[in-house]
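The values are calculated or read from the model by the stated rules, or taken from the named source; none is laboratory data. Quick caveat: nothing in here was measured; it's all calculated off a predicted structure. Virtual Cβ from ideal backbone geometry, glycine too; neighbours counted across all protein chains shown.
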Amino acid sequence: MPEKKKTFYLTTPIYYPSGKLHIGHAYTTVAGDAMARYKRLQGYDVMYLTGTDEHGQKIQQKAEEQNITPIEYLDPVVADIQSLWKKLDISNDDFIRTTEKRHTKIIEQVFQKLLDQGDIYLDQYEGWYSIPDETFYTETQLVDVERNEKGEVISGKSPDSGHPVELIKEESYFFRMSKYADRLLDYYEKNPSFIQPESRKNEMINNFIKPGLEDLAVSRTTFDWGIKVPNHPKHVIYVWIDALFNYLTAIGYGTDQDEKYKKYWPANVHLVGKEIVRFHTIYWPIMLMALDLPLPKQIFAHGWLLMKDGKMSKSKGNVVDPVTLIDRYGLDALRYYLLREVPFGADGVFTPEGFVERVNYDLANDLGNLLNRTVAMVQKYFDGTLSSYKGPVNEFDEELKAVAEQTVKAYEEAMENLEFSVALSNVWTLISRTNKYIDQTAPWVLAKDEAKRKELHSVMYHLAESLRITAVLLTPFLTKTPEKIFFQLGIEEEKLKSWESILSFGAIQQATVQKGEPLFPRLEVEEEVAYIKEKMQGSAPKVEEEKVEIEETELPELGAEIAFDDFSKVDLRVAQVLEVAPVKKADRLLKLQLDFGFEKRQIVSGIAKHYQTDELVGKKLVCVANLTPVKLRGEISQGMILTGETGGKLQVLEVDQSLANGTKIL
């Protein structure tokens, strides 16, 4: 009887089909695909799920604007998403749509069960709602708040996305989140790797749970495109109950065909963007606790792929269409760039220059030239044929073999931690060391001495074997290139493309190389950068020109003049943020622990509405260092952080990381 395979279940967020997806959406799905392929390479039985979140007010509005039904609006948009995943070679095992009966039926059952056991109750709701985010917010959570003369909030924006919110008053069902707060904190403590990166966990605890977890509105009555509450059809089930349970409905939970549920749940990892961490790390585990179901093993919240001027937006003309890049540069160039350029847990910036450089330096020069040189030399010196491994002949052989074996170990460790850029960096360490090996061994010199024939063959073998190991390690990331490398190296046996085959050096028994096309042709930098920028600008909506009357601008009123001697009394210093936490019962204040170089201090600052706690850690700020310490809401404040204000938003004044902590600002 064959040995039962270990299982691995991973998911992406399900995407909201309100428009065309861009490279930022592709980022998450390609990352998930790399992980799925890596686990399959290791012999796991993998379940990789993605899909679409198809209910909600925004979808209904889009359909009404076009005078069609929501499903008529959705079908072509979802088809485009599925087409994009195919173009990206996404190897998902299922694609769940929340409009499918296999999903809607189970959501009704889940809601009814939670209602029957008292975890959901009916009440009145009044609060602020963002339609694009499909999220309710309290007044204290809003940013860019405007108030009337009485001090009442009249408008504000979502802290997650910056979208405007509107005041909603309606009857609503509520989920008793508060009931499970202590149990959730206890789970966090006993399962330290549940939320990754660590900074996301601290943000959830300090910003949402410790200040007091409020019960969650889980139904709406102001629109009807969604799954209806059983026996109360004027209520539509709130999208975050609807959407989150896709991870269970796709594998047959609650049905007679629940073999996949029993096989794969709990999920090994949910990959999510940082903007939906709260829903996956607070709402989702609490709902599972209420149903007495196992929790997923890990939630990994990655950062955003940004542009130099912020998030991608058609209005800014900075949207990058992945299909445009694939059609011109090939799929593997895009997949490599997405996962090599940015550490997966952090924000990163897409630049046309960075993309072209990665293709030229990493793929064309380092990898492509190495393969081309190796094949050419084997053909020239040995008529294209390599025989089996005879072991190292000199110290350079020993070193390259050791680097290859160490690379596999470091790569595996990085992949297990979803450190895709680190894994690829390790592969390129091997590639660079192999290129250096050619210079060290100088095969063109060895070829002139018949007595060095054995040593020359050893060099050719070590080059080919290092390239084979490289190709196997690239298999999760690049879906076309590894097979091209195997073809040129004359490797046909599937066992030589396996994970087991790279755990030791020397698997090639005999091979006949054959020259192929260059893996990645070099790009003309200026031409290709201009092309990408032109395509990005083409994403911006065209605006009709109109005459604008220019009015005289009133100069801002400056503060009262002060003498230089007075100003020189202010001691401005560079300080680096070490830790950030909210101040109890003060929704506008954050307390920051800062390193001034000569000592560590705490400063309390009124920037809580403008920054998440993890956004500030590591930044070097300008601070007033010689203010008399004061107490603010019971917390000592030993200085002041300098900020600027634009359009009601405060921004801290940062300095270059090269300036030492404690540097005096002159």
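Filtered by the rule that a residue be crowded, with 18+ Cβ neighbours inside 10 Å and assigned to a helix (DSSP H, G or I), the range 332-357 gives D332, A333, L334, R335, Y336, Y337, L338, L339, R340, P352, F355, V356. Among the numbered conditions (1) at pLDDT below 95; (2) part of a helix (DSSP H, G or I), the only one that V393 does not meet is (2).
Out of all the residues in the range 142-153, is one or more closer than 30 Å to M35 by Cα and in a loop (DSSP other than H, G, I, E, B)? Among the residues of the range 142-153, not one is closer than 30 Å to M35 by Cα and in a loop (DSSP other than H, G, I, E, B), which makes the answer no.
For every residue, the table says whether it meets (1) in contact with a strand residue (DSSP E or B) (Cβ under 7 Å, 6 or more places away or on another chain); (2) outside the structural domain of P294 (by TED's automatic domain parsing); (3) surrounded by 19 or more Cβ atoms within 10 Å (Cβ to Cβ).
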| residue | (1), (2), (3) |
| --- | --- |
| P164 | yes, yes, no |
| S172 | yes, yes, yes |
| R183 | no, yes, no |
| D186 | no, yes, no |
| E189 | no, yes, no |
| P192 | no, yes, no |
| E198 | no, yes, no |
| E203 | no, yes, yes |
| N206 | yes, yes, no |
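Every listed requirement among (1) part of a strand (DSSP E or B); (2) at positive phi; (3) not β-branched (V, I, T) is met by G597 save one, (1). Scanning the range 216-257 for residues that are in a loop (DSSP other than H, G, I, E, B) and either under 28 Å from E615 (Cβ atoms) or of a type in the set (F, W, Y) (or both) turns up F223, W225, Y238, F245, Y253.
It is to be established whether one or more residues within the range 441-460 are outside any loop (DSSP other than H, G, I, E, B), under 30 Å from Y44 (Cβ atoms) and out of contact with any Pro (no Cβ under 7 Å at 6 or more places or on another chain). No, every residue in the range 441-460 fails to be outside any loop (DSSP other than H, G, I, E, B), under 30 Å from Y44 (Cβ atoms) and out of contact with any Pro (no Cβ under 7 Å at 6 or more places or on another chain). Just one of the listed residues (Q42, Q66, Q82) is of a type outside the set (D, E) and over 29 Å from E259 (Cβ atoms), and it is Q66. Scanning the range 101-134 for residues that are assigned to a loop (DSSP other than H, G, I, E, B) and over 21 Å from the mean Cα position of the chain (by Cα) returns Q117, G118, D119, I131. Out of all the residues in the range 401-423, which are out of contact with any Ser or Thr (no Cβ under 6 Å at 6 or more places or on another chain) and among the hydrophobic types (A, V, I, L, M, F, W, C)? Residues satisfying the conditions are A402, V403, V408, A410, A414, M415, L418, F420, V422, A423. Going through the range 407-422 one residue at a time, which ones are in contact with a Phe, Trp or Tyr (Cβ under 8 Å, 6 or more places away or on another chain), in a helix (DSSP H, G or I) and touching a residue at least 40 places away in the same chain (Cβ under 8 Å)? Once the filter is applied, which keeps residues that are in contact with a Phe, Trp or Tyr (Cβ under 8 Å, 6 or more places away or on another chain), in a helix (DSSP H, G or I) and touching a residue at least 40 places away in the same chain (Cβ under 8 Å), the range 407-422 yields M415, F420, S421. Among residues of the range 112-129 that are under 14 Å from I168 (Cα atoms), those with a Cβ under 9 angstrom from a residue that is among the hydroxyl-bearing types (S, T, Y) and not in a strand (DSSP E or B), sequence gap 6+ or separate chain, pair up as G127/T138; W128/T138; W128/S158; Y129/T222. Pairs are defined by a Cβ separation below 6 Å, a sequence spacing of at least 6 or placement on different chains, a first member in the range 355-376 that is within 16 Å of S425 (Cβ to Cβ), and a second member that is not small (G, A, S); the pairs so defined are R358/Y337; L363/F520; D366/I431; L367/I431. Scanning the range 1-52 for residues being among the aromatic types (F, W, Y), touching a strand residue (DSSP E or B) at 6+ places or on another chain (Cβ under 6 Å) and assigned to a loop (DSSP other than H, G, I, E, B) gives a total of 1.
Of everything in the range 509-527, what is buried (at least 19 other Cβ atoms within 10 Å of the Cβ) and modelled with pLDDT of 95 or more? Give them in sequence order. Let's see the steps before the verdict.
Step one: filter the range 509-527 for residues buried (at least 19 other Cβ atoms within 10 Å of the Cβ), giving 511, 513, 519-520, 523.
Listed by number, the residues that qualify are V513, L519, F520, L523.
Can you name every residue in the range 82-100 that is under 14 Å from Y27 (Cα atoms) and part of a loop (DSSP other than H, G, I, E, B)? Once the filter is applied, which keeps residues that are under 14 Å from Y27 (Cα atoms) and part of a loop (DSSP other than H, G, I, E, B), the range 82-100 yields L88, D89, I90. Specify the residue that is surrounded by the fewest Cβ atoms within 10 Å (Cβ to Cβ); the eligible residues are those in the range 604-638 that are in contact (Cβ under 8 Å) with a residue 60 or more places away in the chain and part of a loop (DSSP other than H, G, I, E, B). Residue satisfying both the conditions and the ranking: V617.
For (1) within 30 Å of K649 (Cα to Cα); (2) touching a helix residue (DSSP H, G or I) at 6+ places or on another chain (Cβ under 8 Å); (3) aromatic (F, W, Y); (4) free of Cβ contacts under 8 Å to residues at least 60 places away in the same chain, each residue gets a yes or a no:
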{"site": "T99", "(1), (2), (3), (4)": "no, yes, no, yes"}
{"site": "I106", "(1), (2), (3), (4)": "no, yes, no, no"}
{"site": "Q109", "(1), (2), (3), (4)": "no, no, no, no"}
{"site": "I131", "(1), (2), (3), (4)": "yes, yes, no, no"}
{"site": "T140", "(1), (2), (3), (4)": "yes, no, no, no"}
{"site": "V145", "(1), (2), (3), (4)": "yes, yes, no, no"}
{"site": "V153", "(1), (2), (3), (4)": "yes, yes, no, yes"}
{"site": "G162", "(1), (2), (3), (4)": "yes, no, no, yes"}
{"site": "Y187", "(1), (2), (3), (4)": "no, yes, yes, no"}
